[in-house]
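Please treat every number below as a calculation from the coordinates, not as lab data. Not measured: the values here are computed from a predicted model. Please note: Cβ atoms are built from the backbone with ideal geometry, for glycine as well, and neighbour counts cover all protein chains shown.
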Amino acid sequence: SWKPETDCCDWYCVTCDSTTNRINSLTIFAGQVSGQIPTQVGDLPYLETLEFHKQPNLTGPIQPSIVKLKSLKFLRLSWTNISGSVPDFLSQLKNLTFLDLSFSNLTGSIPSSLSQLPNLDALHLDRNKLTGHIPKSFGEFHGSVPDLYLSHNQLSGTLPTSLAKLNFSTIDFSRNKLEGDASMIFGLNKTTQIVDLSRNLLEFNLSKVEFSKSLTSLDLNHNMITGSIPVGLTQVDLQFLNVSYNRLCG
């Protein structure tokens, strides 16, 4: 429990830096926090980790005061009932390496400015109610190339051709309404390991796609993909492959 008469560094879910005694981590798991994220969170300038996870009674928008946390590296607001849009101001948190807003009620489009986060290793926006296109800027990340988890939303339109420029390790765009060609994600010289594009409206010729040998998992089920399984795919050490419910032949 949090008692004002005790040292806050001894409070449950709070961690302090051993040298400065400043709060650098606030991780609240599976509790009964209700209402909105407190604006006072922004008054913890040395915070590097902020986590509200499995808090079904946490509601309202993501608070703008979070942008004051210039040292923040890890932000997880997942399995909550927070709503509103994915805020553009998150792009100001230049030290972020991990951003997880999954399993919530976020709506609207994905802000293109997230590509300006230079140290981002993973972006989880899956299992929300996001609409619109995948931003063209996601093929132009400034610095690290993050793992992208955008599944279980209502994203539509074609994949930006700019995705061909980058070498993603993991891409999960499954269970959306994406259309057209997705072959630009693949390539012989890429180091992509996991790709899940299942349950979309994608339509391209699989026969013409070249796959890198680093690929370990490929899920393309329930699309409108044509052609046949290319010989090159048999030379890849896949641990998982699902191309069912398409328009393949041969």
Quiz item: Quick one: how many residues across the range 170-194 are of a type in the set (S, T, Y), surrounded by 17 or more Cβ atoms within 10 Å (Cβ to Cβ) and closer than 20 Å to G143 by Cβ?
Solution: 1
Quiz item: Out of the residues in the range 21-54 that are out of contact with any Phe, Trp or Tyr (no Cβ under 7 Å at 6 or more places or on another chain) and of a type in the set (S, T, N, Q), which is surrounded by the most Cβ atoms within 10 Å (Cβ to Cβ)?
Solution: S25
Self-check item: Subset of the range 46-86 (residues that are in contact with an Asp or Glu (Cβ under 8 Å, 6 or more places away or on another chain) and either hydroxyl-bearing (S, T, Y) or assigned to a strand (DSSP E or B) (or both))
Solution: Y46, S65, S71, F74, L75, R76, L77, S78
Quiz item: Can you tell me which residues in the range 118-143 are among the small types (G, A, S) and over 14 Å from L163 (Cα atoms)?
Solution: A122, G132, G143
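Residue by residue, here is whether (1) out of contact with any Lys or Arg (no Cβ under 9 Å at 6 or more places or on another chain); (2) over 21 Å from Y149 (Cβ atoms) holds:
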residue	(1), (2)
Q36	yes, yes
E48	no, yes
E51	no, no
P64	yes, yes
G108	no, no
A122	yes, no
Quiz prompt | Tabulated pairs, the range 29-52, first closer than 15 Å to C13 by Cα and free of Cβ contacts under 8 Å to residues at least 40 places away in the same chain, second of a type in the set (D, E) and in a strand (DSSP E or B), C-beta under 8 angstrom, 6+ apart or interchain | solution = F29/E51
Quiz prompt | Odd one out for D17, checked against (1) touching a helix residue (DSSP H, G or I) at 6+ places or on another chain (Cβ under 8 Å); (2) under 25 Å from P118 (Cβ atoms) | solution = (1)
Exercise. Could you grab me the full set of residues in the range 13-45 that are assigned to a strand (DSSP E or B) and not hydrophobic (A, V, I, L, M, F, W, C)?
Key: T15, N24, S25, T27, G35
Quiz item: Among the candidates D88, D126, which residue alone is among the charged types (D, E, K, R) and surrounded by fewer than 16 Cβ atoms within 10 Å (Cβ to Cβ)?
Solution: D88
Exercise. Report yes if some residue within the range 197-210 is in a loop (DSSP other than H, G, I, E, B), closer than 16 Å to L238 by Cβ and either within 18 Å of the chain's Cα centre (by Cα) or touching a residue at least 60 places away in the same chain (Cβ under 8 Å) (or both); otherwise report no.
Key: yes
Quiz item: Out of the residues in the range 225-237 that are surrounded by 13 or more Cβ atoms within 10 Å (Cβ to Cβ) and hydrophobic (A, V, I, L, M, F, W, C), which is farthest from R199 (Cα to Cα)?
Solution: V236
Exercise. Output yes when any residue across the range 116-136 is of a type outside the set (K, R), more than 29 Å from N24 (Cβ to Cβ) and either touching a residue at least 40 places away in the same chain (Cβ under 8 Å) or in a helix (DSSP H, G or I) (or both), and no when none is.
Key: yes
Quiz prompt | Residues (in contact with a helix residue (DSSP H, G or I) (Cβ under 7 Å, 6 or more places away or on another chain) and among the polar types (S, T, N, Q)) located in the range 65-108 | solution = S65, S91, Q92
